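For reference, the structure discussed in these notes is given below.
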Amino acid sequence: MKFRSIKGTKDILPGESEKWQFVEALIREVMHEANYREIRTPVFEETALFQRSIGELTDIVSKEMYTFRDRSDESVTLKPEGTASVLRAYIQYNLGEQSPLTKLYYIGPMFRQERPQAGRLRQFHQFGAEALGSSSPQLDVEMMLIPLEVCRRLGIGSVTLKVNSVGCEKCRPAYRKRLVQELMAVYDQLSEESKTRVKQNPLRVLDSKDERDRAATRTAPLMKDFLCDECRMHFAEVERLLKETKTPYEIDGRLVRGLDYYTKTAFEITSAALGSQDALAGGGRYDLLVHELGGKPTAGVGFAAGMERLMIILEKLGQSPDPHIRPDLYIAAADNAARRWAFRFAHQLRQKGVAADLDYLGRSLKAQMREANRQNARYVIVIGDKELATGKAKLKKMESGQEEEVLLTDLASKLA
RNA sequence: GUGACCAUAGUUCAGUCGGUUAGAACGCCAGGUUGUGGCCCUGGAGGUCGUGGGUUCGAGUCCCACUGGUCACCCCA
């Protein structure tokens with residue numbers, strides 16, 4: 001009986017972890033340039049936070065959360081997305097009182113208990129941002145530009161930005177009523193899942209992939225044609241900014257995201273390089289959410305993007321960064337006295353910033369050379385009686401095979 | 001949660017009609033060179049054929065169940 005990682009979870013092994021570090025560093029750079037500050041929230045929260053923010057009727061809350069009772073019988077949940085926690089912290093620490101606009105970003109693991117498939121895991125990683133305190137459409141567009149910029153710098157060109165407006169509390173109820181009427185007229189032709197959605201969340205029927213639903217809703221009214229003046233102007237401004245920044249986009253009047261809290265802008269970035277789970281990032285505006293979670297009424301926008309999906313695209317496009325993790329120096333020891341010395345010397349070099357390694361297995365010199373080669377070490381020195389006596393050694397450059405006589409005391413400054 | 005496909009060495013895979021000791025490549029270890037890597041040559045280690053049951057004289061091979069993986073549905077990052 002061997003232990004295995006739990007279904008839907010993955011280990012990020014050496015060789016891959018370096019790629020993650022590279023991508024994460026790039027994300028932090030882009031976030032920094034747009035002046036977003038990092039926030040790190042706990043991986044779990046009290047269950048009610050997600051129920052209230054994401055919405056009881058959503059798939060995430062109704063069937064995908066990792067929820068359990070802790071030892072004091074408290075119901076806790078591993079976070080299925082990042083926004084709820086960020087807003088909880090924003091409210092808890094009164095961040096809105098310190099400045100009228102707060103720009104935050106995060107990178108971290110999320111959990112959803114779904115059946116794993118290509119681009120979908122039970123523990124996955126997202127990076128995302130939230131801007132709290134402004135209803136400016138500039139921030140809506142900033143949220144689209146950030147993940148697009150990350151893609152651009154990674155050499156990912158083939159992405160599609162889809163944008164829609166889902167209206168607000170003023171215009172959505174009337175539209176919703178109208179839509180339900182239309183859907184009831186074709187009720188019999190809808191898929192089973194859509195039938196239940198007609199009452200619970202009719203907008204979602206529109207973005208069903210089911211052919212029957214597609215056909216039945218072909219002429220259904222779209223939210224973007226029923227927006228109130230404010231929402232319509234907001235959406236027009238988003239479009240204008242996208243054009244001004246020369247950002248290619250499509251309007252998708254059926255785009256509705258799976259979280260209930262969105263108002264006005266909703267968007268999604270997809271890639272054909274992904275499998276059936278083709279969304280790389282998604283986001284939108286949520287002007288009611290902070291108030292709903294107990295804070296002062298505060299406008300907000302955000303996005304979240306999938307790290308694993310980003311890595312899949314990079315791999316597929318052959319753009320995957322090459323990790324060159326390599327020791328500067330491998331110290332090969334010819335005898336036991338040299339082995340003892342080598343450990344001490346490696347320690348001194350490391351303190352001076354030189355990445356140095358040595359043999360811990362008592363192997364032959366030939367095996368040590370092979371190891372140095374496998375580790376892709378930049379240089380090797382071989383230490384024996386002669387070197388310990390004279391304080392000089394041949395420094396071998398592995399790539400060329402050329403050797404150069406050096407003083408051991410000079411080595412650190414030479415390699416650092 | 002539903003469905004389809006898959007499971008043989010560290011890895012990627014062969015394995016005939018059910019038949020004797022389960023193979024290859026790469027990787028790993030050692031030697032060829034008693035103080036020098038890669039290339040080459042030689043040798044070696046490494047397998048509960050996912051697990052459990054069944055059919056059969058005999059199962060890696062056929063049947064069933066389970067577990068795991070992959071992909072799709074659903075939904076989403």
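The values are calculated or read from the model by the stated rules, or taken from the named source; none is laboratory data. Just so it is clear, the structure is predicted and the values come from calculations on it, not from any experiment. Every residue, glycine as well, gets a Cβ built from its backbone with ideal geometry; the counts of neighbours run over all protein chains shown. Remember, those area values only see protein heavy atoms, side chains included, never the ligands or the DNA or RNA. Shrake-Rupley method; radii C 1.70, N 1.55, O 1.52, S 1.80 Å.
Laid out as a table, the results:
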read-out	value
Carbon/sulfur fraction of accessible area - segment A:98-210, other protein chains in place, 1.4 Å, %	47
Disulfide-incompatible cysteines by the Cβ rule (no partner under 4.7 Å) in chain A	A:151, A:168, A:231
Proximal charge balance of residue A:191 [Cβ under 12 Å; K/R count +1, D/E count -1]	0
Positive-end residue, segment A:220-295 charge dipole about Cα centroid, Cβ charges, pick of A:263, A:283, A:226	A:283
Table column - 3J(HN,Hα) (Hz), segment A:26-39, Karplus curve with 6.51, -1.76, 1.60, x for Gly and Pro	5, 4, 4, 5, 5, 5, 4, 5, 8, 6, 9, 9, 6, 10
Cα gyration tensor shape for segment A:329-415, rounded if a/c is under 1.5, else prolate or oblate	rounded
Relative contact order computed over segment A:324-416 (Cα-Cα under 8 Å; 6+ residues apart), in percent	32
Per residue accessible area in Å² of chain A, where ligands, DNA and RNA are left out and the probe is 1.4 Å	53
For residue A:265, distant residues with modelled amide H under 5 Å away	A:166, A:285
For chain A: relative contact order, % (alpha-carbon pairs under 8 angstrom, 6 or more apart)	15
Stretchable slack from residue A:118 to residue A:247, in nm (0.36 nm times residue separation minus alpha-carbon distance)	43.6 nm
Kirkwood Rh and Cα Rg combined as Rg/Rh, segment A:276-396	1.39
Cα Rg, Dmax, segment A:171-322, angstrom units	17.6, 57
Shape metrics for chain A, restricted to C-alpha atoms - Rg then Dmax, Å	28.0, 95
0 to 90° range, to nearest 10: angle between helix A:172-185 axis and chain A longest Cα axis	80
Under the Karplus curve 6.51 cos²θ - 1.76 cosθ + 1.60, θ = phi - 60°, whole-Hz ³J(HN,Hα) for segment A:274-290, x wherever Gly or Pro sits	8, x, 6, 8, 9, 7, 8, 8, x, x, x, 9, 9, 6, 9, 5, 4
13 Å beta-carbon shell around residue A:16, net charge (K/R +1, D/E -1)	-4
Fully extended contour minus Cα-Cα distance, from residue A:160 to residue A:360, at 0.36 nm per residue	66.8 nm
Relative contact order (percent, whole number), segment A:91-130, Cα cutoff 8 Å, 6+ residue spacing	40
Per-pair calculated FRET efficiency, R0 = 56 Å: residue A:10 and residue A:73 via Cβ, rounded to 0.05	0.95
